[in-house]
Amino acid sequence: MRENHPSTNSEDDHRSSLLDLARAEITESSNSKSRTCGGFPGPGSGSGPSEPQAPFPDQVLENVLENVLHFLSSRRDRNAASLVCRSWYRAEALTRSELFIGNCYALSPTRVTARFTRVNSVTVKGKPRFADFDLMPPNWGAHFAPWASALAQAYPWLEKLHLKRMIVTDADLALVADSFSGFRELILVCCDGFGTPGLAAVAGKCRLLRVLELVESVVEAEDDEEVDWISCFPESQTNMESLVFDCVECPINFQALESLVARSPRLKKLRLNGFVSMAQLYRLLHRAPQLTHLGTGSFSATEAGAVVDQEPDYAAAFEACKSLVCLSGFREIWADYLPAIYPVCANLTSLNLSYAHVNADQLKSVIRHCHKLQIFWVLDSIRDEGLQAVAATCKDLRELRVFPVDAREGTDGPVSEVGFEAISQGCRKLESILFFCQRMTNAAVVAMSKNCPDLVVFRLCIIGRYRPDPVTQEPMDEGFGAIVMNCKKLTRLAVSGLLTDRAFEYIGRYGKLVRTLSVAFAGDTDTGLKYVLEGCPNLQKLEIRDSPFGDGALRSGLHHYYNMRFLWMSTCKLTRQACQEVAQALPNMVLEVINVNSEENAGDVEILYMYRSLDGPRDDAPRIVTILH
């Protein structure tokens, strides 16, 4: 039985940590020992002066360890060091300044703060990733409140807080603002539950704030409670380096924003929401030519059809931003404004057009200037022709994401194996790809595996259920098999389409480094999942939806679940009895059965979410969640 280290619970943390079960009782056994290099005899040891005694050997070791461990930044290395012995365990805890909690329910906040006493940066993740696809009930949990309370008491010097997929309230943000006098960085990714009053508290009270990033979060905006939070920043010169609020779907006080940007000389990253017009962006660029990362906002006129006597020279404003390397936004793009960004394209390493409904011709006019591009996100409206243009120009591309404009089944997708294979031929340095499409061939996937052997992340999402190779009508087994065989660095894999057990056999045999596996609308029999669970020793996260795997597949992973962060299975063929058996066999795992539709058969399992926990089942589960024991 192995459990993950509670301090990190991260995807790169899979070593045994049974010592942790007793760590609450572990205290400094050498309190009476001086932590200096020498000791002197106490009363009763003799009269007169005496020479200093040599330090205890274990004391010297701990002093040396603390000095060495300060230089270890990798979570994996730190976790390994903490498992050597108790003295290493203590020294590692004393020198850890950054915490990563991969699952907020894997351990209690009090357990964390009891062990780690010198932390200044905390990252906490809540809901699993499938919550992004509305597969998780909105009232499931992942509340930040208990963490906020514990952190406020234990770490009044806390400087950085990163939260992902958690419910954060205005009261939580107010507590953060009141508790941490030296607070510098707040990043909320895919969070909800808060509004402008909470943002106002952080902006107004955190006088040393450098980073405020709201990424794909839901900021509640009600007219009677809306606050002009931008105006709450200090009126003096600020330390702001990054301000991201492109997900805030309510108007902002532009005059206050312009003033804030003007008095923030260190500002490097600025991502605006859709209520900032092109003319307002022009004014901001003149205030902050030092920007390296820019989210343009709407990239349109103030009002649809607005007419002005003379348009500002937008191209000149962009050209003045000599350091700009990352460009995003384009929420309501006007194609006539695209030439304005041409002057900065030659220097761009990252371009995000995933909100811009541009066609192939419009893209080609931009992409032909982007020879240094390494990261590119885009909608499939660019069609295969647009992908071919990317392949011809962006030879240094490392990450590509192609999102669908229309994700409904049965539609004719604008991108296919043609553009996919063009990318593999032209972008040989590719390391990560997320590709949504309606059709794909084995030949194109095999070509990708051979042309891009450095792939670390491969996510191919064929929209539709159990779709075969459209040319041969064969399953997609050989394509995905080639990916795991030829891409030796692969750690994340998403599969879809018509797959037999053979594809999963390939994954189990060759995917030895795979840590995250996502399966959607794919699979054949329970044997397929057994291949994966028995063959992938580093598997940390397994996400399965709308697949035929059942009780046999679930039972086949009993030997490995303690090494995983979580298992998610929704709309599969699980029974409550099998889940109950697994819960009894693995007492340190938490098995949550989630049945959103109460009329479902009591023996059916709509969603199974299983994860490790050092502190047992949570106490805030809603009625739709049944925790098995």
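If I filter region 425-466 down to residues being in a helix (DSSP H, G or I) and among the polar types (S, T, N, Q), which single residue comes out as nearest to residue 486 (Cα to Cα)?
The residue in question is 449.
Yes or no: region 420-433 includes at least one residue that is open to solvent by 40 Å² or more (accessible area, probe 1.4 Å), touching a residue at least 12 places away in the same chain (Cβ under 8 Å) and touching a Ser or Thr at 6+ places or on another chain (Cβ under 6 Å).
Within region 420-433, none of the residues are open to solvent by 40 Å² or more (accessible area, probe 1.4 Å), touching a residue at least 12 places away in the same chain (Cβ under 8 Å) and touching a Ser or Thr at 6+ places or on another chain (Cβ under 6 Å).
Considering (1) modelled with pLDDT under 95; (2) in contact with a Pro (Cβ under 9 Å, 6 or more places away or on another chain); (3) surrounded by 17 or more Cβ atoms within 10 Å (Cβ to Cβ), say which one residue 203 fails and leave the rest.
(1)
Kindly establish whether residue 467 is of a type outside the set (Phe, Trp, Tyr), open to solvent by 30 Å² or more (accessible area, probe 1.4 Å) and either at pLDDT below 95 or over 23 Å from residue 571 (Cβ atoms) (or both).
Yes, satisfied.
Just one of 517, 533 is in contact (Cβ under 8 Å) with a residue 12 or more places away in the chain and in a strand (DSSP E or B); which is it?
Of 517, 533, the one residue that is in contact (Cβ under 8 Å) with a residue 12 or more places away in the chain and in a strand (DSSP E or B) is 517.
Checking the structure you have, find out if any residue of region 73-93 is open to solvent by 20 Å² or more (accessible area, probe 1.4 Å), free of Cβ contacts under 8 Å to residues at least 12 places away in the same chain and either under 30 Å from residue 597 (Cα atoms) or β-branched (Val, Ile, Thr) (or both).
Within region 73-93, one or more residues are open to solvent by 20 Å² or more (accessible area, probe 1.4 Å), free of Cβ contacts under 8 Å to residues at least 12 places away in the same chain and either under 30 Å from residue 597 (Cα atoms) or β-branched (Val, Ile, Thr) (or both).
Residue 340 fails exactly one of the following numbered conditions: (1) over 28 Å from the mean Cα position of the chain (by Cα); (2) of a type in the set (A, V, I, L, M, F, W, C); (3) open to solvent by 20 Å² or more (accessible area, probe 1.4 Å). What is the number of that condition?
Of (1) over 28 Å from the mean Cα position of the chain (by Cα); (2) of a type in the set (A, V, I, L, M, F, W, C); (3) open to solvent by 20 Å² or more (accessible area, probe 1.4 Å), only one is false for residue 340: (3).
Hey, among 219, 244, 189, 227, which residue is of a type in the set (A, V, I, L, M) and either open to solvent by 60 Å² or more (accessible area, probe 1.4 Å) or touching a residue at least 40 places away in the same chain (Cβ under 8 Å) (or both)?
Step by step, each of 219, 244, 189, 227 is checked, and only 244 is of a type in the set (A, V, I, L, M) and either open to solvent by 60 Å² or more (accessible area, probe 1.4 Å) or touching a residue at least 40 places away in the same chain (Cβ under 8 Å) (or both).
Do you know which residues across region 99-120 are under 22 Å from the mean Cα position of the chain (by Cα) and free of Cβ contacts under 8 Å to residues at least 40 places away in the same chain?
Selection gives 119 alone.
For region 548-578, enumerate the residues that are of a type in the set (A, V, I, L, M, F, W, C), surrounded by fewer than 22 Cβ atoms within 10 Å (Cβ to Cβ) and assigned to a helix (DSSP H, G or I).
578
Residue-wise test of (1) under 31 Å from the mean Cα position of the chain (by Cα); (2) outside any strand (DSSP E or B); (3) without any contact (Cβ under 8 Å) to a residue 60 or more places away in the chain.
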position: 266; (1), (2), (3): yes, yes, yes
position: 286; (1), (2), (3): no, yes, yes
position: 289; (1), (2), (3): yes, yes, yes
position: 331; (1), (2), (3): yes, yes, no
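Scanning for something within 22 Å of residue 247 (Cα to Cα), in a strand (DSSP E or B) and modelled with pLDDT of 95 or more, does region 139-160 turn up at least one residue?
yes
Look through 503, 494, 520, 583 and report the one residue that is touching a helix residue (DSSP H, G or I) at 6+ places or on another chain (Cβ under 7 Å) and open to solvent by less than 40 Å² (accessible area, probe 1.4 Å).
503
Can you tell me how many residues within region 361-393 are of a type in the set (A, V, I, L, M) and open to solvent by 10 Å² or more (accessible area, probe 1.4 Å)?
4
Kindly indicate the residue of region 410-419 that is open to solvent by 10 Å² or more (accessible area, probe 1.4 Å) and not small (Gly, Ala, Ser) and also modelled with the lowest pLDDT among those meeting that condition.
Looking at the filtered set, the residue picked out is 411.
For region 488-499, give me each residue that is within 23 Å of the chain's Cα centre (by Cα) and farther than 19 Å from residue 540 by Cα.
Listed by number, the list holds a single entry, 496.
The values are calculated or read from the model by the stated rules, or taken from the named source; none is laboratory data. Just so it is clear, the model here is predicted, and its values are computed rather than measured. Heads up, the Cβs are rebuilt from the backbone with ideal geometry, glycines too, and the neighbour counts pull from every protein chain shown. SASA here: full protein model, heavy atoms, side chains in, ligands and nucleic acids out. Shrake-Rupley method; radii C 1.70, N 1.55, O 1.52, S 1.80 Å.
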